[in-house]
Amino acid sequence: MDTQDWLALLAILICLALSFFFSGSETALTAFSRARMLRMEKSGNRRAAIVNRLLNARERLIGGILLGNNAANIAASSLATGLMLMWFGDVGVVYATFAMTVIVVVFSEVLPKTIAINAPERIALMVARPILWVVQILGPVLIFIERFVRWFLGLFGMRIGESQPILSAREELR
């Protein structure tokens, strides 16, 4: 393996770590006790205030997490496919697909979500500030996506009001 291969592997690991972060954050930020978080905010906990602020913009929160998680997973899979193609030829696509499916499901979905569901308040407080940054940075993109989805649904006669979320609360939690 040369330096380029090592850099690609490092980039894949960074993308998987980001996916781990986004998956765990999504679970923690939808599973915590709202009453406990409100109490913590009232007692002066700044991170609890950020969590509650994020929850007040739930559609944007979920959109930011989904965008970040999907970008990380797609980048990791694309890089892995490129490496496997170089190492194994055309069959590398099959190897990359299988390997990345297993790795992403186990290490970037099940593991972080299991951790987060067992300590949702603690994890929500831990990820609040970085997730707020992601939502703020991706804000213009998320607004564009929301408007595009509303326009696209309008082509099929489905009208969703500007103040009505695209996803129902039940769908957001799922």
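What to note about this one:
- Estimated FRET transfer efficiency (Leu155, Leu38; beta-carbon r; R0 45 Å; 0.05): 0.65
- Accessible area of the chain belonging to carbon and sulfur atoms, whole % at 1.4 Å probe: 67 percent
- Available extension along the chain between Thr101 and Met86 is 3.5 nm, counting 0.36 nm per residue and deducting the alpha carbon span.
- Most mobile of Gly63, Gly157, Gly89 in a GNM of the chain (Cα contacts under 10 Å): Gly157
- Calculated FRET efficiency for the pair Ile117/Ala8, C-beta based, R₀ 30 Å, to 0.05: 0.40
- Full-extension gain in nm, Met1 to Asn45, via 0.36 nm per residue minus C-alpha separation: 11.0 nm
- For region 69-146: rounded, prolate or oblate by the Cα gyration tensor [a/c cutoff 1.5]: oblate
- Relative protection proxy for 142-153, 93-104, 66-77, from highest mean packing down: 66-77, 93-104, 142-153 (other beta-carbon atoms within 10 angstrom).
- Cα shape, region 8-59, gyration tensor, a/c 1.5 rule: prolate
- Nearest-ten-degree value, helix 46-56 long axis tilted from longest Cα axis of the chain: 90 degrees
- Per-residue [θ]222 nm for the chain (sum of -39500 (n - 2.57) over DSSP H runs n ≥ 4, rounded to 500): -27000 deg cm²/dmol
- Shape call, region 18-166: gyration tensor on alpha carbons, a/c limit 1.5: oblate
- Accessible surface, per residue, of the chain when the full set of protein chains is kept, probe 1.4 Å, Å²: 60 Å²
- With all protein chains in place and ligands, DNA and RNA left out, the 1.4 Å accessible area ranks Glu41, Glu59 as Glu41, Glu59, largest first.
- For the chain, the residue among Ile62, Gly24, Asn45 whose Cα projects farthest onto the positive side of the dipole built from Cβ charges is Asn45.
The values are calculated or read from the model by the stated rules, or taken from the named source; none is laboratory data. Just so it is clear, the model here is predicted, and its values are computed rather than measured. As a convention, Cβ positions derive from the backbone with ideal geometry for all residues, glycine included, and neighbour counts pool all protein chains shown. Note: accessible area is taken over every heavy atom of the protein model, side chains too, but ligands, DNA and RNA are not part of it. Shrake-Rupley method; radii C 1.70, N 1.55, O 1.52, S 1.80 Å.
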